[in-house]
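The values are calculated or read from the model by the stated rules, or taken from the named source; none is laboratory data. From a predicted model like this one, the values you see are computed outputs, not experimental measurements. Because the Cβ atoms are built from the backbone with ideal geometry, glycine has one as well, and the counts that use them run over all protein chains shown.
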Amino acid sequence: MAAAPTKQALTELFNATMHTSREFSSYNFRNYFVRRTKGAFQSIENETDPTKLSAFYNDKTKELAVLKRSAIVNQLYGGRQLVVEKQNVQRERSDN
């Protein structure tokens, strides 16, 4: 019988996955992985079966490693920001 991961371990995994999801430079990828992460962890929120929790934890740990590598590649080849993204507006000072 597999030992269930602790609530703290699941919370740390969730936080690490959310942090990595937000590192994508592409707006669409970033929002997709944030939504996907929230949905996956909400679906397991009330689970008490230790084998299911252990399988979930192992699966999401492997996915986190893939997500980290994907975020790095996306940062390397990221394009321009989209219109829907928050732009850093720099206003020029007028001397008039």
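Tell me whether segment 3-23 contains one or more residues that are without any contact (Cβ under 8 Å) to a residue 24 or more places away in the chain, under 11 Å from the mean Cα position of the chain (by Cα) and in a loop (DSSP other than H, G, I, E, B). Please lay out each step first, then the result.
Keep residues of segment 3-23 that are without any contact (Cβ under 8 Å) to a residue 24 or more places away in the chain, which gives 6-8, 11-12, 15, 18-19, 22.
If we keep only those that are under 11 Å from the mean Cα position of the chain (by Cα) as well, we get 15, 18-19, 22.
If we keep only those that are in a loop (DSSP other than H, G, I, E, B) too, we end up with 22.
Yes, segment 3-23 contains at least one residue that is without any contact (Cβ under 8 Å) to a residue 24 or more places away in the chain, under 11 Å from the mean Cα position of the chain (by Cα) and in a loop (DSSP other than H, G, I, E, B).
Report yes if Glu85 is surrounded by fewer than 16 Cβ atoms within 10 Å (Cβ to Cβ), touching a Phe, Trp or Tyr at 6+ places or on another chain (Cβ under 8 Å), acidic (Asp, Glu) and at pLDDT below 95, otherwise no. Talk me through it step by step, then tell me what you get.
Working: surrounded by fewer than 16 Cβ atoms within 10 Å (Cβ to Cβ): yes; touching a Phe, Trp or Tyr at 6+ places or on another chain (Cβ under 8 Å): yes; acidic (Asp, Glu): yes; at pLDDT below 95: yes.
Taking the combined requirement at face value, the residue satisfies it.
Out of Lys62, Lys68, Lys38, report the one residue that is surrounded by fewer than 13 Cβ atoms within 10 Å (Cβ to Cβ), of a type outside the set (Gly, Ala, Ser) and either outside any helix (DSSP H, G or I) or at pLDDT 95 or above (or both).
Values: Lys68 fails: surrounded by fewer than 13 Cβ atoms within 10 Å (Cβ to Cβ); Lys38 fails: surrounded by fewer than 13 Cβ atoms within 10 Å (Cβ to Cβ).
Answer to the selection: Lys62.
When the residues of segment 73-85 are filtered to those that are without any contact (Cβ under 8 Å) to a residue 40 or more places away in the chain and assigned to a helix (DSSP H, G or I), which remaining residue is farthest from Met18 (Cα to Cα)?
Here is the first cut: in segment 73-85, the residues without any contact (Cβ under 8 Å) to a residue 40 or more places away in the chain are 73, 76-77, 80, 83.
Restricting the remaining residues to those that are assigned to a helix (DSSP H, G or I) gives 73, 76.
Numbers: Val73: 17, Leu76: 20 Å.
Taking the candidates together, the pick is Leu76.
Out of all the residues in segment 41-59, which are of a type outside the set (Val, Ile, Thr) and either in a helix (DSSP H, G or I) or at pLDDT 95 or above (or both)?
Residues of segment 41-59 that are of a type outside the set (Val, Ile, Thr), as a first pass: 41-43, 45-47, 49-50, 52-59.
Hits for segment 41-59 are Phe41, Gln42, Ser43, Pro50, Lys52, Leu53, Ser54, Ala55, Phe56, Tyr57, Asn58, Asp59.
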